[in-house]
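K.L.:
My questions will all concern the structure given below.
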Amino acid sequence: MTATVPDRIDDLPRSQAQRRILIVLVAAQVLGGAGLAAGVTVGALLAQDMLGSTSLVGLPSALGTAGSALAAIAVGRISQARGRRPGLAAGYLAGAIGSVGVIAAAVADNSVLLFLALFSYGAGTATNLQARYAGADLAAPALRGRALSTVLVATTLGGVVGPNLTAPTGDLAHALGIPYLAGPFLLAGAAYAIAALVLAIWLRPDPLLLARTLAAEHAAAADAQRGEASGQTHPVVERHRSGVLVGTLVMVLTQLVMVAVMTMTPVHMHDHGHGTAAPGLVIAIHIGAMYLPSPLTGWLVDRYGRRTIATGAGLVLFAAGIVAASAPADSVAPLAVALALLGLGWNFGIVTGTAIITDAVPLVSRAKTQALVDVFIAIAGATGGMASGLVVAAVGYPLLALGGGILALAIVPAVAVTRSR
């Protein structure tokens with residue numbers, strides 16, 4: 001299906017169009033980050049309150065992850081067929097509908113509706129991740145790391161604001177006759193809906209569609225000057241396949257290790273006598289390290305190469321595992337350092353992996369492939385979260401952290417092999 005770029009901005013230079021697109025994406029990401037963080041903050045607590053039990057409080061996270069995986073596929077397919085604008089807008093709209101469903105479930109005290117709504121709410125998570133690809137569609141290869149990291153770091157502001165509005169939104173919900181813990185989903189629904197509206201109205205030109213148009217024009221001009229390079233098909237296909245594999249591996253391993261260690265660190269601290277303030281501080285430092293370094297990471301990726309920084313991701317995650325495993329259980333500072341390194345390693349991995357995938361996949365199949373990669377990332381996160389508790393119960397937190405660090409080292413030989421090829 002062919003889509004057109006509006007006439008009024010058809011003549012914008014590529015760099016000017018890219019700046020406009022990044023501004024719109026950043027605005028949507030701030031809203032999306034607020035929607036995501038607001039709901040995640042109280043999702044488990046709301047489930048516990050409605051079910052009257054702690055045995056199923058992990059279901060909100062699991063259902064959100066499942067919804068995120070399914071939504072990643074849907075957003076990717078819509079983006080592939082019609083462009084980033086309708087794909088991302090639809091994803092945020094699904095997240096808004098899920099938020100409204102959670103509120104309705106809380107009012108009706110209906111746990112089945114709650115779980116169905118949380119599944120739809122997970123679409124917001126997928127859309128937050130998919131937006132980083134849109135930031136790189138029009139960027140020149142030498143600037144892709146910085147472009148996608150600009151979109152990624154915008155999530156931080158919303159992620160900080162959302163949880164801090166838990167009490168005011170809870171009070172508002174109570175005043176409206178809605179259960180207190182459903183209050184943050186008022187914010188989530190509004191934030192996701194406005195993000196969808198921002199993208200639907202202002203994400204013009206569509207970055208993926210314009211990139212395809214420019215690529216087609218460039219290819220046609222090149223073919224007119226020189227004949228078809230018939231002997232180049234096989235090497236190009238091999239390079240694409242290799243890039244997709246290594247980019248996926250980098251992001252899947254960093255996600256799995258990060259979620260596993262992050263999930264169990266507050267539990268480990270609580271079991272060793274820390275109150276709620278210390279784990280909260282450590283996790284806040286961790287989340288800051290996940291997103292705030294993004295502009296610097298993007299510059300490093302563009303300056304020193306994707307695979308160099310991907311190797312750094314494996315080494316930093318290994319260092320995080322070593323520090324966490326050796327940290328005294330009664331000391332906050334070493335665990336804070338470990339979780340900061342864990343967040344930084346994840347940031348290195350997600351930025352480099354995204355850049356590698358974007359470089360490797362041709363525009364004709366880019367959105368669909370990127371969506372499939374994000375499904376694997378979601379599965380890796382769910383696996384890390386679920387397995388971490390079993391590992392700690394069996395062998396303890398230090399061995400979980402050390403094992404995660406060693407697993408992350410698999411990135412180094414994988415990158416070395418593809419680089420030599």
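The values are calculated or read from the model by the stated rules, or taken from the named source; none is laboratory data. Just so you know, these numbers come straight off a predicted model, no measurement behind them. In this analysis, Cβ positions are derived from the backbone assuming ideal geometry, glycine residues included, and neighbour counts consider all displayed protein chains.
K.L.:
For region 139-155, which positions are in contact with a Leu (Cβ under 6 Å, 6 or more places away or on another chain) and surrounded by fewer than 24 Cβ atoms within 10 Å (Cβ to Cβ)?
P.N.:
T150
K.L.:
Let me ask something else. Using beta carbons and a limit of 8 Å, which pairs, at least six apart or on different chains, have the first residue in region 386-404 and assigned by TED's automatic domain parsing to the domain that holds L256 and the second one among the hydroxyl-bearing types (S, T, Y)?
P.N.:
Every condition considered, the pairs that remain are S388/T263; G389/T263; Y397/T265; P398/S326; L400/S388.
K.L.:
Tell me, which residue of region 319-376 that is crowded, with 23+ Cβ neighbours inside 10 Å and aromatic (F, W, Y) is farthest from L148 (Cα to Cα)?
P.N.:
W346
K.L.:
Then there is this: Out of (1) part of a helix (DSSP H, G or I); (2) farther than 30 Å from L143 by Cβ, the odd one out for D330 is which?
P.N.:
Every listed condition holds for D330 apart from (1).
K.L.:
Now for a separate question. Name the residue, out of G64, G83, that is under 21 Å from G381 (Cα atoms) and touching a residue at least 60 places away in the same chain (Cβ under 8 Å).
P.N.:
G64
K.L.:
Let me ask something else about it. Is it true that G91 is under 17 Å from Q29 (Cα atoms), of a type outside the set (A, V, I, L, M) and in a helix (DSSP H, G or I)?
P.N.:
yes
K.L.:
Let me ask another. Answer yes if at least one residue in region 292-315 is within 15 Å of the chain's Cα centre (by Cα) and either part of a helix (DSSP H, G or I) or closer than 16 Å to G135 by Cα (or both), and no otherwise.
P.N.:
Scanning region 292-315 turns up at least one residue that is within 15 Å of the chain's Cα centre (by Cα) and either part of a helix (DSSP H, G or I) or closer than 16 Å to G135 by Cα (or both).
K.L.:
Return yes when A182 is surrounded by 24 or more Cβ atoms within 10 Å (Cβ to Cβ) and touching a residue at least 24 places away in the same chain (Cβ under 8 Å) and no when it is not.
P.N.:
yes
K.L.:
Sticking with this one: Under 9 Å between Cβ atoms, at least 6 apart or on separate chains: pull out the pairs that start in region 260-283 with a residue that is under 15 Å from A324 (Cβ atoms) and charged (D, E, K, R) and end on any residue that is assigned to a loop (DSSP other than H, G, I, E, B) and at pLDDT 80 or above.
P.N.:
Sorted first by the residue in region 260-283, then by its partner, the pairs are D271/A329.
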